[in-house]
Structures are given as C-alpha cells and as structure tokens.
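Q: First the structure, then my questions, so here it is.
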2 protein chains.
Amino acid sequence: MQKTREQILERLASEPATGPNLANDLGISRAAVWKHVEALRDSGFVIASDDDGYVLESVPEFGADAVEFGLDVPFEIEYHERIESTNARARELAGAGDENVVVLSDTQTGGRGRLDREWVSPSGGIWLSVLIRPTVPTFDAPVFTLAAAVATVQALEETGVDAGIKWPNDVLVGNRKVAGILTEMEGEADRVSWLVVGIGINANVDIGKLPTDRGVTSLEAETGPVDRRAITQRLLSAFYQLQQRPDDILTAWRTHAVTLGQRVRVTTPDGEVVGNAVDIEYPGVLLVETETGRERVTVGDCEHLRPAA
Amino acid sequence: MQKTREQILERLASEPATGPNLANDLGISRAAVWKHVEALRDSGFVIASDDDGYVLESVPEFGADAVEFGLDVPFEIEYHERIESTNARARELAGAGDENVVVLSDTQTGGRGRLDREWVSPSGGIWLSVLIRPTVPTFDAPVFTLAAAVATVQALEETGVDAGIKWPNDVLVGNRKVAGILTEMEGEADRVSWLVVGIGINANVDIGKLPTDRGVTSLEAETGPVDRRAITQRLLSAFYQLQQRPDDILTAWRTHAVTLGQRVRVTTPDGEVVGNAVDIEYPGVLLVETETGRERVTVGDCEHLRPAA
C-alpha cells in the first residue's frame, strides 16, 4: 500500500483527524489528503467526515489495502478479484525477480493442486501464493510447505474450528479437507532461487460449490462466515515468523499433525506403504512403521486408515 | 539434424554413393541431394566427389551435426560457437516447453558454477547443458547430478586419463578438477518440471587460460588433444542410459568415487563436518563418520584431507 495512505489509516485507526491536521502532520497538502482518503474509500474503507474530521468506520473485508493494513510482516499484497491461478502469477513475478510478494485472489478460474489436480476455487475463498527467496539448499524446501500448513492451522484457531494437518500438508476439519498447499520452486542443489507457496482455504465458500464427494468442507459450513482479512493476516504473520526459525517448524507441525499415531496407507511413486505413522523427520519425511521395518516416505498421497484389528 | 541430411550421412558413412543413386534411394531430386551435401560441407563435413560419387572423408570435430551424427540416444543438439551460458539458454528452452535438448558451446562468456561462482570456459572446452523432464519427485533430483558425474568419468575413460568423482559432482584427474556439474531445476514436491544438468569439461583447453591456482587441469594438459565429438557422444549416451535406470546410479557412482574412504572436511550451510566419508545414500547424501557419530550431509563443499595421524 502507498506509504502516505498507510500513515493516514494508522492515524484514523486511533482517533478521528481533520484534513488540515493530517496535512500538517504528514507534510502534504490538504488536497493530497483528500485524494488519499478518496482512494481509500475506493478500496472499500468507510471513512466518514463529521465535526471531528475524518472517522474510520470500517475496513473492507478483503483486498490488498485491507490485508496490508495492520499486517505485521513485510509482505506486499497483490490482489485480484479473479485470476486463473495465484501460483502461476507468483511464478511470473519470480521470473521478474520479485520477492516477499503475496498474490491474493477472491476467485481462481484455473486453480491447481498437487500433481496438476483441479482445485475448485469459488468466490469467498482465500486463494493466495507467497513468493519468497530463502537462502537455503533445495533439500530444505519441503519444510516451507510444512510451515505453511502450520501457519494455516494457527490462523484458523480464532475461527473456533478445530483443524489439524494430514501429512504432508492438507488441513482437515474432522476428516474433511478445508485447505491445501502447493509449493513450487526453482533452484540448484545448494540454493533455492525462489519458492512459491500456494495456500487455498475454503473460507466463506458455499459448500454446494465444492466437490463434496472428495471429502472437503468450508469454514462457512463448519462455523459460519469468517473474517478473511484476519485469517489472511494471521496466516502470513505466522508463516513469516516460522520462516525465520526453521528449526521450530517440525515441532510446531507435530503439535498440529493428525497423521502421527495413525495407521496410514501412503501411495508413493514407488508403490504403497502401509503401517503406523510414528514421526516426521527433517525436511518433511514421514516415518512409517511397517510389518517389515521402518520406512522413510518423502512424497506421496496419505490416507488415514482405521487401526488394524 | 535434418532427417534427409542424416540419411545421406549414414549412406556415405558405409560407402561412397552417386548423386543419382542417393536421389533415387531417398526419393528426392538430384538438386536436393546437392543442396544437402553443400549444407553438410558448410557444417564442416569433408565430402569429396570422385568417380564413385560422393565420399565422406571426415566428420567435423565438434558442432550440432557432428555430435548428432552417430549419437545413439534421442537428444537434439543446439550448438553455439559462443554463448553467455549454456545453462541459461537451456532454462530459456525449458520455459518454452522443450525437453531432451542439449545446448552445446565451444566458448562460454559468462559460465557459472555452483553458488554463482565463475566458471572459466575458453574455446576448446565441452560446455553443455542437458534439458530433461524426468517424471520424479524433486527429492530425487540430486541423483541426476550424480549420474552426470558418472557419465562424464565414463566418457573420459577412452582418453586414457584416470578420472574420479569428488562428492558430490566434481570430476578430478589426480587432485585437479577437470570437469564440473551444475544442476538447476524447477518443480513441486511431487514432481520435477524440468532439470537442466550443466556439464563443463576442460577438454582441448590451453591450461594457461584456466585459473590454475584453484587446482584445475585440462584433458589437453593431461593427455594431449582429445576427440570432443566422441567424448560428448559417449557422455550423452551414458547419461541417457543411467537416467533410464536410476537404481544403478549410486552403484556406478561408488565405483568412480575418490571421496569414499577419505578423510574429508565438508563446509555446509550449517557449519563444518570433519570425518571419514564412508558411503553415499540416495539421492546423494554423503555419510561421514565423525568423532561424535555418523552425519548425513546433503549439500556442501568437500575437501579431501590427509588421513589423521
């Protein structure tokens, strides 16, 4: 968000202020103040004018300015009402050399999940992709996917729904998927060039618009309409902070994981692994105790089974 | 290489043939035969005309047609006399959707090694980048770097130099580096989108043009001028075949590794690991027996030390 606009919002968030006062404090003209207030109104901020001056009455539910306002971590938001894919757009920005940008959209028309599977993304969801350039070897990349899952669960805590992580990165409520993550990257062995962490949350989404045969749900269906702005801010804040201390990610992941302790069937490119999921190992390897010994699973589709009789 | 041109070369490689015979056998006009022969001559093939017809007298030492002629694996060669970086060009082709293309150059003006280090690439070297799209998770990507190192050593065997691999992917003669590998990739956890495997061999390179203070050598310095075409073909063939049977790569790597059994110091992003290199583990993890136990090293700069007293 434009710097001056942010300063005006911060002022108005604490108390009303007159145009002349704002102009004086920010060192700009009264005409400029008026122009910025108009721009904020265009973005959906409701700013009344009364005897005390400008009064901030409400912040829009979603959008770039709304999410940036009050965001405590240095991500820049690029908002779209509708886009084909936030990950595709973030990859484009990666190619142009950007970083610490979040592409956010209300609707995706061609959303994709892992393995190019369709990801239905109706209006009302939180569809976002975070573009970062961590200075780590590509070997470490999977841990950022785990961090995104942890950040998502932490962001959902305030809505009252009890979410958990299914290895590696599905976020479930009960047994139904409420959010998913798709991480893409470019790099060489010694270092990641860029990572695009795509996170899709079925937030205020009419469950009738989701493919419920695949075991999905939405926050709206679980708990009623949620504050997308608050969830997005909390998610970005948690993700950014986890990124700064990668050693804590696995610990946090274990806290929220519903897979550990379960009997699982993991379908990997090399075949099926069936057994008890006992732990996770850096950077995201699932340890499965099978009948023939302990297996380390790096990638696959995981299914929770009922305990063996 | 153009299909008809390849057929003409194949014919002439076994015996001389007249223009009319070639025209008849290939179902093209005599004028077309003449045009293709001229194009081949332009590429450096020496084709004489005598009473028996066209006679293939020699194949050029290097170039796209030269390397494709007799190449037994399905890579297409894009040749440059001079290019900034074959890896950069291969990434460009990756972006355009290509695969199984080899970018080959006589000179690189801005060659790069791991961690963006300069890679001096004078005329006479073999500077190439292979663009492939293997259907594997990104976790497996490092094994293709090992395969490239194995393929390079196998390709050098015929020159008579005794080359070995220093973990993870330097090719040494004695203690000096004769070839290096830089693998770049894009993908998501479950699958590689593309891999660019860059291989640089100091082949017919005047050692005076190399930074000898860094412990490098060239094939020319070790054994005299080498056949770059034969080395490139052998390398591509070996790499392609290893790619088809990834399970054999580690076994082949162990055969050629000079690091195993040595005392090493590995500088990793997390600090130094000093100990005895005892084995390699999929997809390229070095196992080092240190004073405090066994460490698994995924990435770093490895230095061979003298055995501890």
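Q: Can you confirm whether B:Gly215 is assigned by TED's automatic domain parsing to the domain that holds B:Val101 and on the phi > 0 side of the Ramachandran plot?
A: Against the criterion (assigned by TED's automatic domain parsing to the domain that holds B:Val101 and on the phi > 0 side of the Ramachandran plot), B:Gly215 qualifies.
Q: Does A:Val196 count as buried (at least 21 other Cβ atoms within 10 Å of the Cβ), under 14 Å from the mean Cα position of the chain (by Cα) and within 14 Å of chain B (Cβ to nearest Cβ)?
A: It is true that A:Val196 is buried (at least 21 other Cβ atoms within 10 Å of the Cβ), under 14 Å from the mean Cα position of the chain (by Cα) and within 14 Å of chain B (Cβ to nearest Cβ).
Q: If we keep just the residues of region B:162-181 that are crowded, with 24+ Cβ neighbours inside 10 Å, more than 14 Å from chain A (Cβ to nearest Cβ) and closer than 23 Å to B:Arg296 by Cα, which is farthest from the chain's Cα centre (by Cα)?
A: Ranking the candidates gives B:Ile165 first.
Q: Only one of these conditions is not met by A:Asp227: (1) among the acidic types (Asp, Glu); (2) modelled with pLDDT of 95 or more; (3) not assigned by TED's automatic domain parsing to the domain that holds A:Val197. Which number is it?
A: (3)
Q: While we're looking at this one, here's another question. Of A:Ile165, A:Ile249, which residue is of a type in the set (A, V, I, L, M) and more than 30 Å from B:Leu146 (Cβ to Cβ)?
A: Of the residues listed, the single one that is of a type in the set (A, V, I, L, M) and more than 30 Å from B:Leu146 (Cβ to Cβ) is A:Ile165.
Q: Take A:Arg229 and decide whether it is surrounded by fewer than 21 Cβ atoms within 10 Å (Cβ to Cβ), touching a helix residue (DSSP H, G or I) at 6+ places or on another chain (Cβ under 9 Å) and of a type in the set (Lys, Arg).
A: Here the answer is yes, as A:Arg229 does meet what is asked.
Q: Count, please, the residues in region B:104-122 that happen to be within 13 Å of another protein chain (Cβ to nearest Cβ) and either in a strand (DSSP E or B) or at pLDDT 95 or above (or both).
A: 1
Q: Of the conditions (1) at pLDDT below 95; (2) within 14 Å of another protein chain (Cβ to nearest Cβ), B:Glu184 satisfies every one except a single condition; which number is it?
A: Here B:Glu184 clears every test but (1).
Q: Identify the residue in region B:135-161 that is in a loop (DSSP other than H, G, I, E, B) and under 17 Å from the mean Cα position of the chain (by Cα) and, among all such residues, is farthest from the other protein chains (Cβ to nearest Cβ).
A: Result: B:Val161.
Q: Out of curiosity, is A:Arg245 surrounded by fewer than 18 Cβ atoms within 10 Å (Cβ to Cβ), without any contact (Cβ under 8 Å) to a residue 40 or more places away in the chain and charged (D, E, K, R)?
A: The answer is yes for A:Arg245.
Q: Separate question: Checking A:Val273 against (1) at pLDDT 95 or above; (2) within 28 Å of A:Val136 (Cα to Cα); (3) not assigned by TED's automatic domain parsing to the domain that holds A:Val101, which test does it fail?
A: Failed condition: (2).
Q: Looking for something aliphatic (A, V, I, L, M) and within 14 Å of chain A (Cβ to nearest Cβ) - is there at least one such residue anywhere in region B:238-250?
A: no
Q: Of the conditions (1) within 16 Å of A:Thr86 (Cβ to Cβ); (2) at the interface with chain B (Cβ under 10 Å from one of its Cβ atoms), A:Gly125 clears all except one; give me its number.
A: For A:Gly125, the failing item is (2).
Q: Name the residue, out of A:Gly275, A:Gly261, that is assigned to a loop (DSSP other than H, G, I, E, B), in contact with a strand residue (DSSP E or B) (Cβ under 9 Å, 6 or more places away or on another chain) and over 14 Å from A:Val153 (Cβ atoms).
A: Values: A:Gly275 fails: assigned to a loop (DSSP other than H, G, I, E, B).
One residue alone meets the criteria, A:Gly261.
Q: Does A:Lys209 meet the test of being among the charged types (D, E, K, R), touching a Ser or Thr at 6+ places or on another chain (Cβ under 7 Å) and more than 14 Å from chain B (Cβ to nearest Cβ)? Before the answer, list the steps.
A: Working: among the charged types (D, E, K, R): yes; touching a Ser or Thr at 6+ places or on another chain (Cβ under 7 Å): no; more than 14 Å from chain B (Cβ to nearest Cβ): yes.
So A:Lys209 fails the test.
Q: When you check B:Ile126 against the structure, is it touching a Ser or Thr at 6+ places or on another chain (Cβ under 6 Å), in contact (Cβ under 8 Å) with a residue 60 or more places away in the chain and farther than 19 Å from B:Ala94 by Cβ, yes or no?
A: So B:Ile126 fits the description; yes.
Q: Let me ask something else. Output the residues belonging to region A:56-72 that are among the charged types (D, E, K, R) and out of contact with any strand residue (DSSP E or B) (no Cβ under 7 Å at 6 or more places or on another chain).
A: A:Glu61, A:Asp65, A:Asp72
Q: Going through region A:225-258 one residue at a time, which ones are β-branched (Val, Ile, Thr) and assigned to a helix (DSSP H, G or I)?
A: Selection gives A:Ile231, A:Thr232, A:Ile249, A:Thr251, A:Thr255.
Conditions tested, residue by residue: (1) among the aliphatic types (A, V, I, L, M); (2) more than 24 Å from B:Ile8 (Cα to Cα); (3) in contact with a strand residue (DSSP E or B) (Cβ under 6 Å, 6 or more places away or on another chain); (4) assigned by TED's automatic domain parsing to the domain that holds B:Ala230.
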residue	(1), (2), (3), (4)
B:Asp50	no, no, no, no
B:Tyr54	no, no, yes, no
B:Pro74	no, no, no, yes
B:Tyr79	no, no, yes, yes
B:Thr107	no, yes, yes, yes
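The values are calculated or read from the model by the stated rules, or taken from the named source; none is laboratory data. Remember, predicted model here, so these are calculated numbers, not experimental data. Note: ideal-geometry Cβ built from the backbone for every residue, glycine included; neighbour counts use all protein chains shown.
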